[in-house]
Amino acid sequence: MPEIITAVYENGVLRPLNPITLQEHQTVRIQVLTEEPAAGCRTDNSVASGSRIGQSSPPSGRC
């Protein structure tokens, strides 16, 4: 069953913000959709377009 999760990219790893129901070593397919930073937030990884692969913005509501 498809599931949408929010994750943060840190040190080369996507870290889910909430628990997910997967078996250990289960393979999944991931579609990366970056989120724009909240107004006034600045991140070292953000880029002007906010859509470059490998670069991510903080989840909404977090700076």
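Cβ-Cβ distance below 6 Å, separation of 6 or more or different chains: which pairs start in region 1-17 with a residue that is over 13 Å from residue 35 (Cα atoms) and end on one that is aliphatic (A, V, I, L, M) and part of a strand (DSSP E or B)?
Close Cβ pairs (under 6 Å, with a partner that is aliphatic (A, V, I, L, M) and part of a strand (DSSP E or B)) amount to 14/7; 15/7; 15/8; 16/7.
Could you go through region 1-24 and let me know if any residue there is at pLDDT below 85 and part of a loop (DSSP other than H, G, I, E, B). Steps first, please.
Restricting attention to region 1-24, the residues satisfying the condition of being at pLDDT below 85 are 1.
Within this subset, residues satisfying the condition of being part of a loop (DSSP other than H, G, I, E, B) are 1.
Checking region 1-24: at least one residue is at pLDDT below 85 and part of a loop (DSSP other than H, G, I, E, B).
The values are calculated or read from the model by the stated rules, or taken from the named source; none is laboratory data. All of these numbers come straight from a predicted model, not from anything done at the bench. All Cβ positions, even for glycine, are placed from backbone atoms using ideal geometry, and neighbour counts span all protein chains on display.
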